[in-house]
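Reviewing the structure listed below.
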Amino acid sequence: MDYTKNGLNYNREQLLSLVRQQMSEQRFEHVLRVEQTALQLAKQYHADEVKVSASALLHDYGKERDDKVYLEMIDQNPEYENLRAFGNNIWHGILGSQLVKKELSLDNDEILHAIAVHTTGDINMTLLDKIIFVADYIEPKRSFYGLDSVRDLVANGDLNQAISLILQQTLMFLVKNKKIIYPYTIEVYNHWIKI
Ligand code: GDP
Ligand code: FE
Ligand code: FE
């Protein structure tokens, strides 16, 4: 994998080590499973394997960062104010992509966008965004309700229907567990549920 043509200054070994330093061994193993799943999808759906690999390895880079770091980013940037109430689950994608950009000097907007939207999805998703979003949900050790139906859709070439079902199931999960819902999560759901 040559990441350097994609705005990344690290080879694979360096990148793996940088990502590993950011998280528990358990989460690092999740990241590797997301990468393997995403690479299978890249083959199936004809996506750029290098961008898919880099995005997958970096998607949860900010997941174990202290809340203080994110609250400071929000304090310093008024455009992030709407994120304040939603916690790490929402911050680690949108703001985590900014940590990747700064700390790893990653200059690739496609990869940064895939990281930014990996939790909520987006109204406009590129193939790269879709692959990371879906791979994160279906990696082999996940055990969500309804996962088999999502995996069947993916296997049958219906990536968009898979996204629609993931968004429906995630929203149901959040409501059922009395979780606070980020308004954009609902906007994204409204967009994809009609397809
Ligand atoms: P992970 O980082 O690999 O665990 O996976 P994700 O980044 O996809 O999701 C992290 C968590 O955020 C999951 O438990 C999702 O259900 C949850 N999540 C997704 N949307 C929202 C939301 O709008 N509000 C809250 N509170 N959690 C959300
Ligand atoms: Fe995540
Ligand atoms: Fe993840």
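Assorted remarks:
- Residue-level analysis places K101 among those that are assigned to a helix (DSSP H, G or I) and surrounded by fewer than 21 Cβ atoms within 10 Å (Cβ to Cβ).
- The number of residues in the range 31-51 being within 16 Å of ligand 2 (Cβ to nearest atom) and either of a type in the set (S, T, N, Q) or crowded, with 20+ Cβ neighbours inside 10 Å (or both) comes to 5.
- Filtered residues of the range 166-194 (kept if surrounded by fewer than 14 Cβ atoms within 10 Å (Cβ to Cβ) and within 16 Å of ligand 2 (Cβ to nearest atom)): F173
- Check on V50, touching a Leu at 6+ places or on another chain (Cβ under 8 Å) and either assigned to a helix (DSSP H, G or I) or more than 14 Å from ligand 1 (Cβ to nearest atom) (or both): no
- When restricted to residues that are in a helix (DSSP H, G or I) and either within 18 Å of the chain's Cα centre (by Cα) or within 16 Å of ligand 2 (Cβ to nearest atom) (or both), the range 11-30 contains 10.
- Test: Y80 is among the aromatic types (F, W, Y) and closer than 29 Å to A155 by Cβ: no
- Residues of the range 112-127 classified as assigned to a helix (DSSP H, G or I) and surrounded by fewer than 22 Cβ atoms within 10 Å (Cβ to Cβ), total: 4
- Some residue of the range 116-124 being of a type outside the set (D, E, K, R), within 14 Å of ligand 1 (Cβ to nearest atom), over 24 Å from L15 (Cα atoms) and touching a Gly at 6+ places or on another chain (Cβ under 8 Å): yes
- Within the range 128-141, restricting attention to residues that are within 13 Å of ligand 1 (Cβ to nearest atom) and of a type in the set (A, V, I, L, M), the residue that is surrounded by the most Cβ atoms within 10 Å (Cβ to Cβ) is I132.
- The range 110-133, residues that are within 14 Å of ligand 2 (Cβ to nearest atom) and closer than 11 Å to A56 by Cα: A114, I115, H118, D129, I132, F133
- Residue among I94, I74 that alone is modelled with pLDDT of 95 or more, of a type in the set (V, I, T) and under 24 Å from V150 (Cβ atoms): I94
- Residue pairs meeting the criteria (Cβ under 6 Å; at least 6 apart or on separate chains; first within 23 Å of Q169 (Cα to Cα), in the range 109-124; second of a type outside the set (A, V, I, L, M) and not in a helix (DSSP H, G or I)): I115/H59; H118/H59
- Identity of the residue in the range 80-95, within 16 Å of ligand 3 (Cβ to nearest atom) and among the small types (G, A, S), that ends up surrounded by the most Cβ atoms within 10 Å (Cβ to Cβ): G93
- Pairs, first within 12 Å of ligand 1 (Cβ to nearest atom) in the range 60-80, second assigned to a loop (DSSP other than H, G, I, E, B), C-beta under 6 Å, six or more apart: Y61/Q22; E64/M23
- Neighbours by Cβ (under 9 Å, 6+ apart or cross-chain): first from the range 142-165, loosely packed, with under 15 Cβ neighbours inside 10 Å; second among the acidic types (D, E) and not in a helix (DSSP H, G or I): D152/D158
The values are calculated or read from the model by the stated rules, or taken from the named source; none is laboratory data. On a predicted model such as this, the values are computed, not experimentally measured, just so you know. Every residue, glycine among them, receives a Cβ derived from its backbone with ideal geometry; neighbour counts consider all protein chains shown.
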